[in-house]
Each structure stands twice: as C-alpha cells, then as structure tokens.
Amino acid sequence: MQLNPATFWRDNDTQRPPLTAALVREAETTLGVQLPPALLDLLRVQNGGYTNEFAFPMPPPTPWGDDYLLLDELFGIVPDPTLRTTQNLLDTPYLTAEWCLPPRQVLLAGDGHTWLSLDYRAGPVPAMVWLDADDALVVPVAPSFEAFLAGLVPAGQLGA
C-alpha cells in the first residue's frame, strides 16, 4: 500500500512542535543514529501522535497471537520537557534502560511491555523489530522502515 503522509495521521490533542532541521539534528545526535528519511517525511506532516490505524501482516504464529502488528501511534521528536507526551523518540535512552531493552534501538511506538523499534544493531540502516520486554523477545518485522511502511494496510482489512 502506498501511504499518503497527509492522511497518515489522526487528529491529536497533544501539542507538539513542528519538526525542524534543528530538531532532527538534536534527535540524531542524542540517539547516535541517522533516522530514516521516510520517518522524517511523516514527522514533518505531524510530529508524532495517533495514526489512522494501520496494520502490518505478520506470519503466524506471533508471540502476541494476532497475525498482524497494529500501528495506532508513532512517536515524534519533542525536546521540550514542558510539553507532556508519552509519544517521544527522545525518551528512547531512558526507556531502553528502564525496560532492559537491547542496545541501539529507537522506539517508535509501545506501551512499556512491548515496543515497535528501529534496530540499529546490524548497522546504519535499521531493521524494524517488535520487542517484548517481559519475555526478552526480539521479533523481526521488516528489513527497513521503508519496507515496513510499504507493507502497512488499513487496520480494518485485517480485523484489527
């Protein structure tokens, strides 16, 4: 499915700053990685928040039981601590330590027990993985963020 960045996002109440080149530099410096261009394209439309609910088909069996991975949110880049949001890529270092997650991750979505992440352990082009903090699982999802986006479908198509 070809995603349209303009229709990717749902209305969100949380105030977030618009994505600027300075915010991208700050995030990439803080996280020690180069973020995928396709991710930045989405964040330029809206700097994180709730999506229009997409699903990524997964081959069964999956540890979570469904044959898809739901993407109902995507973290943004929010450096201002006075703007309270739980959807912030810059929280990755803290959350990685707090939940004993593998190194070289950039968390894109999650609830504290499970996460969708960019995995930079193999090099500068990250794979997409699903992390389960409780069971210490790392499940491959897609070879890149771009491949992940290309595989997304509206969640309703998969019964999500």
Suppose the filter is within 17 Å of residue 158 (Cβ to Cβ) and touching a Leu at 6+ places or on another chain (Cβ under 7 Å); does residue 71 pass it?
yes
Does at least one position in segment 70-84 carry a residue that is surrounded by fewer than 17 Cβ atoms within 10 Å (Cβ to Cβ) and within 23 Å of residue 135 (Cα to Cα)?
yes
Residue under question is residue 2, and the condition is that it be exposed (fewer than 13 other Cβ atoms within 10 Å of the Cβ), in a loop (DSSP other than H, G, I, E, B) and in contact with a helix residue (DSSP H, G or I) (Cβ under 9 Å, 6 or more places away or on another chain); does it hold?
yes
Within segment 74-93, identify whether any single residue is in contact (Cβ under 8 Å) with a residue 60 or more places away in the chain and among the acidic types (Asp, Glu), and answer yes or no.
yes
Among (1) surrounded by 15 or more Cβ atoms within 10 Å (Cβ to Cβ); (2) at pLDDT below 95; (3) not charged (D, E, K, R), which single condition is residue 63 missing?
(1)
For segment 138-159 the number of residues that are closer than 23 Å to residue 106 by Cβ and of a type outside the set (A, V, I, L, M) is 7
Enumeration of residues in segment 113-132 that are crowded, with 20+ Cβ neighbours inside 10 Å and in contact (Cβ under 8 Å) with a residue 60 or more places away in the chain
118, 126, 130
For segment 85-112, enumerate the residues that are loosely packed, with under 13 Cβ neighbours inside 10 Å and at positive phi.
100, 112
For segment 34-54, name all the residues that are outside any loop (DSSP other than H, G, I, E, B), touching a helix residue (DSSP H, G or I) at 6+ places or on another chain (Cβ under 8 Å), within 12 Å of residue 10 (Cα to Cα) and not aromatic (Phe, Trp, Tyr).
45, 51, 52, 53
Name the single residue that is farthest from the chain's Cα centre (by Cα) among those in segment 15-60 being crowded, with 17+ Cβ neighbours inside 10 Å and of a type in the set (S, T, N, Q).
46
With the structure loaded, tell me whether residue 12 is polar (S, T, N, Q), within 14 Å of the chain's Cα centre (by Cα) and part of a loop (DSSP other than H, G, I, E, B) or whether it fails that test.
no
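The values are calculated or read from the model by the stated rules, or taken from the named source; none is laboratory data. Given the structure is predicted, the values throughout are model-derived calculations rather than measurements. We place every Cβ from the backbone using ideal geometry, glycine too, and count neighbours over all the protein chains shown.
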